[in-house]
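Trainee: Submitted below is the structure of interest, expressed as structure tokens.
The values are calculated or read from the model by the stated rules, or taken from the named source; none is laboratory data. Bear in mind that the values here come from a model prediction, so they are computed numbers and not experimental data. Cβ atoms come from the backbone with ideal geometry, glycine included; neighbour counts cover every protein chain shown.
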Amino acid sequence: MRPGDYTKEEEAYLRENYPSGSSERIARHLGRTRTMIAKQARRLDVHKETKYPPRQLSEWGRGYLAGIIDGEGCIDLKRGRERKNGGYPYYPHLRIGNTKKAILDKVLEIVGCGSVRPISRTRVGKPFWGYQVGSEAISWLLPQLLLIGKEEIQVLILESLPIAKNGRAPEVQAKLEKIYTRIREINRRSIKKEKEEVRS
């Protein structure tokens with residue numbers, strides 16, 4: 001048997017334990033590396049259970065988040081390093097900045113995942129806080145929000161989600177690159193506008 005081959009018993013063990021078990025423990029048990037375990041899980045179409053199950057937000061929570069994201073947030077589509085077999089991974093990202101930590105703590109409470117941490121200081125030495133969360137929440141969070149200032153980015157991100165995870169085909173990569181470029185243009189234009197408003 002070749003090193004990459006799995007017996008039926010090993011595959012059964014993987015199917016049973018991979019969704020909620022430790023990848024490190026499974027790799028040790030099967031005598032494989034974590035990378036090998038992850039690849040075999042993909043071949044078997046076995047996935048990790050989400051750590052952050054979707055939430056149905058209240059009307060108040062949706063309004064609070066929409067206002068904060070429109071005013072203080074940045075929705076982005078990040079591009080990772082080029083894969084060895086070609087193509088880039090793309091994944092959505094949301095960050096919100098504010099000098100008042102309590103505002104971001106409320107965001108964290110509503111969403112149920114993500115993190116709040118100090119990222120810089122203002123000119124007068126006041127801490128500037130940041131909340132950020134990735135694809136684990138964005139896929140169910142954005143469809144519930146009515147954004148106005150960032151509506152176009154919202155639509156683009158939602159368009160990218162179904163294809164971003166398995167977007168290795170050339171035509172899919174081209175579409176993701178187009179979405180990625182457009183979102184960068186919108187965000188850069190927004191930053192430039194904010195700077196001009198501060199100067200005036």
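Trainee: Which ones in the range 95-142 are charged (D, E, K, R) and either exposed (fewer than 12 other Cβ atoms within 10 Å of the Cβ) or assigned to a loop (DSSP other than H, G, I, E, B) (or both)? I'd like the intermediate steps shown before the answer.
Mentor: Here is the first cut: in the range 95-142, the residues charged (D, E, K, R) are 95, 100-101, 105-106, 109, 117, 121, 123, 126, 136.
Correct list: Lys100, Glu109, Arg117, Arg121, Arg123, Lys126.
Trainee: Just a yes or no: is a residue in the range 146-159 over 30 Å from Trp60 (Cα atoms) and in a helix (DSSP H, G or I)? Reasoning before the result, please.
Mentor: Here is the first cut: in the range 146-159, the residues over 30 Å from Trp60 (Cα atoms) are none.
No, the range 146-159 contains no residue that is over 30 Å from Trp60 (Cα atoms) and in a helix (DSSP H, G or I).
Residues checked against (1) touching a residue at least 12 places away in the same chain (Cβ under 8 Å); (2) assigned by TED's automatic domain parsing to the domain that holds Glu185:
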| position | (1), (2) |
| --- | --- |
| Ala38 | yes, no |
| Leu65 | yes, yes |
| Gly71 | yes, yes |
| Cys74 | yes, yes |
| Arg79 | yes, yes |
| Glu82 | no, yes |
| Pro89 | yes, yes |
| His93 | yes, yes |
| Gly97 | yes, yes |
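Trainee: Next up: On the basis of being closer than 24 Å to Ile153 by Cα, in contact (Cβ under 8 Å) with a residue 40 or more places away in the chain and part of a loop (DSSP other than H, G, I, E, B), does Leu57 make the cut? Don't jump to the end; show me each part of the working.
Mentor: Details: closer than 24 Å to Ile153 by Cα: yes; in contact (Cβ under 8 Å) with a residue 40 or more places away in the chain: yes; part of a loop (DSSP other than H, G, I, E, B): yes.
For Leu57, the condition - closer than 24 Å to Ile153 by Cα, in contact (Cβ under 8 Å) with a residue 40 or more places away in the chain and part of a loop (DSSP other than H, G, I, E, B) - is met.
Trainee: Could you list, in sequence order, the residues of the range 45-78 that are loosely packed, with under 14 Cβ neighbours inside 10 Å and farther than 30 Å from Ala102 by Cα?
Mentor: Once the filter is applied, which keeps residues that are loosely packed, with under 14 Cβ neighbours inside 10 Å and farther than 30 Å from Ala102 by Cα, the range 45-78 yields Asp45, His47, Lys48, Glu49.
Trainee: Out of (1) at pLDDT 90 or above; (2) part of a loop (DSSP other than H, G, I, E, B), what's the single condition that is false for Asn166?
Mentor: Only one criterion in (1) at pLDDT 90 or above; (2) part of a loop (DSSP other than H, G, I, E, B) is unmet by Asn166, namely (1).
Trainee: Right, something else. Based on this model, can you work out whether Tyr88 counts as in contact with a Lys or Arg (Cβ under 6 Å, 6 or more places away or on another chain) and at negative phi? Lay out the reasoning, then the answer.
Mentor: Values: in contact with a Lys or Arg (Cβ under 6 Å, 6 or more places away or on another chain): yes; at negative phi: yes.
So Tyr88 passes the test.
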